Structure formats: structure tokens, C-alpha cells
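The next block holds one structure in the form of C-alpha cells; read it before the comments.
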Amino acid sequence: MRTAPPAARRVAPRATPRAAPPPAPRASPRALWPYLLIAPTVVAAVLLLAYPLARNLLMSFQHYGMAELIRGDAGFAGLENYREILSDAEFWVVVRRTLWWTALNVVLIMVIGTAVALMLQRLGKRMRILVMSGLVLAWASPVIATTTVFQWLFSSRLGVVNWLLVELGFESYEGYSWLAHGPAAFAILVLLVVWQSVPFVAITLHAALTTVPAELFESARIDGAGGWRIFRSITLPVLRPVFGLVLCLEVIWVFRCFAQIWAITRGGPGGATTTLPVYAYQVAQSLHRYDLGAAAATLTVLILIAALILYFRQMFRQEAEL
């Protein structure tokens, strides 16, 4: 049997060794720097927001009164606290009042804040700086300090408002007690919250208006568009994201408003100014039913979240149609 010559034999290729995988890149300190910068904020948010919210949620499912506060052996209550709160007729009255309180304040804040922002666009440089300085000072004033000033203004005996009305010829306001009448006390609180909130809206919208190209307004004026037409067709569509953000922030701020109401009226007179945060505090402190207060606070958060979800859905639907 003949064999093939060596030249004709096929030489098997030599196996080449596989290259080792490159080492995984090590995280450089520069890549970790952004995470280190936001770490204090994340830790503070967890400690100041997440933990109290989780603790409140847990308490709402427990029997937690004065005895449990001292001993610390709270038992599980299930949904009993929520059933008791939801079956309370006063709770639903407070819910309706809170929604009315939020809607009235937010509408006034947005309308007045937008008007002030548009006015700032038309002022000269010196007058604009002066007005914005006043807005910043009003915005930066502590809540309790501003609340105390309003208490002095509407004092029944030494209040400036009563004195001014009497000087203008309204003799019936001599010694008038504003905080003893429900509608009057409610109006004072609305005026206070609007006063504290308008500067933020006006400054934010004014800053957003400076980003709109001036050529858009000039073209609209050349075409004969009036002020309302320019606002509806140019200003509002361009600033829609900013309007949405500011509106959400104001809804949250007004809905959870507590310090002003408690400092001036404590929810009175006759419950005329009791909103959900005040109601939750009253239930917890007056009745020493911290479990019911926690349940009311949890329902307050859920109602606020539901309202914001409905608004976001409507906003996203409008943006999809554009």
C-alpha cells in the first residue's frame, strides 16, 4: 500500500492559544465623585422623608394610643383604623373643605403669580430689580413670622385693618373679631397663603419668560395679535412644562399647609378652617389616638397622590395631541 508523499500530506493547523479577557476596568475616583456628591442628599431624604412615612404607615395598622406610646407594645389592628376614619362623617366634610381650600388658593396663586411675571417683563431695569427684591424678601420671610404679622394686622383691638376700615367710614368694623367668624378666618388664611406663595410663582415664571425668543412676540405683534392672543398662542404653549411643574408644587404645598392654619385658628372657629393635615393632628393629639391620626395622614397622602396622577395623565394626554 502506497502512502502519500510528505509534501502531499495535509498538515493539521496548530491550535492558537486563546487570548486572556481584558481585566475589568477599575472605578476611578473621578467616576465615583458624582455619587459621593449626591450621597448626603439621598441619606437626608431617607432619614427625613422615607423613614417617617414608613413609620406612619406602620402605625396606621396598629392599636397605638397613649398606653402603647409609653409601653411600646402596639398590637396589629389591620384595617380597623381606616374603617373608623372613613365612617366618620366629619372626615368627608374636611375632605371637601380641603379640596375647596386647595383649588381656591392654587387658582389665585397661579393667576396672580402669572400676572406679576408678565408685569415684570414690561418694567424697566431699576423698577424690575426693586419689585423682584420685594418678592424675594416676601418669599424668604419665615412662615411663622409672616403668620404673626397677619395676626397683628387683623387683631380686633389694635389691628391696622380694623383701624383703616373705621377711618374709611365703616364703623361696624370697630373692634370686629375676624378670627371669630368662619368665612372671615378662612379668607384671612387664603390671603396669607397667597401672599407667601405668589413670589415663588412670579420669580419662576419670570425666569422662564426670559428664555422665550423675543422674535416670537415681535412677529405676533406685527401680525396684529393682542396681548391675550400672544399669551394663549405663544407664552402658554412654550412655558407649559414650567407651568405644570409650578402648579404641581403649589398643589402639594397648599394641600399639606398646616403651620399657618394651626398658628392662627387651630382649625376653628367651629371647624371652619380645619383641613386634612389639621384634622389628623387634632385626632392624634386631642384623642391621643395616634393610630387614627396616622391613618388620616396616610389617607391625606393618598388623596394628594391621586389628584397629582389625574393631573399628570391629563397633561400627558394634551402633550400627545400636540
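The values are calculated or read from the model by the stated rules, or taken from the named source; none is laboratory data. These figures come from a predicted structure and were not determined experimentally. Neighbour counts are summed over all protein chains in view; Cβ atoms, including those assigned to glycine, are modelled from backbone coordinates with ideal geometry. Side chains included, ligands, DNA and RNA excluded: accessible areas come from the protein's heavy atoms. Shrake-Rupley method; radii C 1.70, N 1.55, O 1.52, S 1.80 Å.
Add -39500 (n - 2.57) for each DSSP H run of 4 or more in the chain, then divide by its residues: what number comes out at 222 nm, to the nearest 500 deg cm²/dmol? Don't skip to the answer; put the middle values down first.
On the way: 15 runs with 214 residues, N = 322.
Mean residue ellipticity at 222 nm (helix-derived): -21500 deg cm²/dmol.
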(request) Give a residue-ordered list of calculated ³J(HN,Hα) values for segment 196-209 (Karplus: 6.51 cos²θ - 1.76 cosθ + 1.60, θ = phi - 60°; whole Hz; x for Gly, Pro). (result) 6, 9, 4, x, 4, 5, 5, 5, 5, 5, 5, 5, 5, 5
(request) Evaluate Rg over Rh across segment 227-322, taking Cα atoms for both radii and Kirkwood's formula for Rh. (result) 1.16
(request) Would you mind checking the tilt of helix 125-140 against the longest principal axis of the Cα atoms of the chain, expressed as 0 to 90 degrees and rounded to 10? (result) 90
(request) Express the accessible area of segment 35-148 per residue in Å², computed with a 1.4 Å probe while the remaining protein chains stay in the model. (result) 66
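Expected output is a single nm value to one decimal: the length gained when fully extending between residue 233 and residue 212, i.e. 0.36 nm times separation in residues minus the C-alpha distance. What is it?
Details: separation 21, 0.36 × 21 = 7.56 nm, distance 1.28 nm.
Extra length from residue 233 to residue 212 when fully extended: 6.3 nm.
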(request) Take 73, 88 and sort them by solvent-accessible surface of the protein heavy atoms, 1.4 Å probe, largest at the top. (result) 73, 88
(request) Can you tell me the FRET efficiency between residue 223 and residue 71 if r is taken as the Cβ-Cβ distance and R0 is 56 Å, rounded to the nearest 0.05? (result) 0.15
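Tell me which chymotrypsin sites (Phe, Trp or Tyr not before Pro) from segment 141-205 have a DSSP coil assignment and no more than 13 other beta carbons within 10 Å of their own. Before the final figure, lay out the partial values.
On the way: sites: 150, 152, 154, 163, 170, 173, 176, 178, 186, 195, 200; in loops: 154, 170, 176.
Answer in residue order: 170.
Using a 1.4 Å probe on the protein heavy atoms, what percent of the accessible area of segment 182-322 belongs to carbon and sulfur? Walk me through the numbers before you get to the answer.
Values: 4580 of 6820 Å².
Ligands and nucleic acids excluded, carbon and sulfur give 67 percent.
Once the Cβ-Cβ distance between residue 180 and residue 100 is put in as r, and R0 is 25 Å, what FRET efficiency do you end up with, to the nearest 0.05? Before the final figure, lay out the partial values.
Numbers: r = 21 Å, r/R0 = 0.85.
So, using R0 = 25 Å, E works out to roughly 0.75.
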(message) Quick check: pseudo-label points 7 Å beyond the Cα along Cα→Cβ at residue 30 and residue 140, how many nm apart are they?
(response) 3.8
(message) What do you get for the angle between helix 143-153 and the principal long axis of the chain? Use alpha-carbon atoms, 0 to 90 degrees, nearest ten.
(response) 20
(message) Using +1 at the C-beta of Lys and Arg and -1 at the C-beta of Asp and Glu, which of 42, 245, 99 has the Cα lying farthest in the positive direction of the dipole of the chain?
(response) 42
(request) Would you work out which of 224, 66, 195 lies farthest towards the positive end of the dipole of the chain, given +1 charges on the beta-carbon of Lys and Arg and -1 on that of Asp and Glu, about the Cα centre? (result) 224
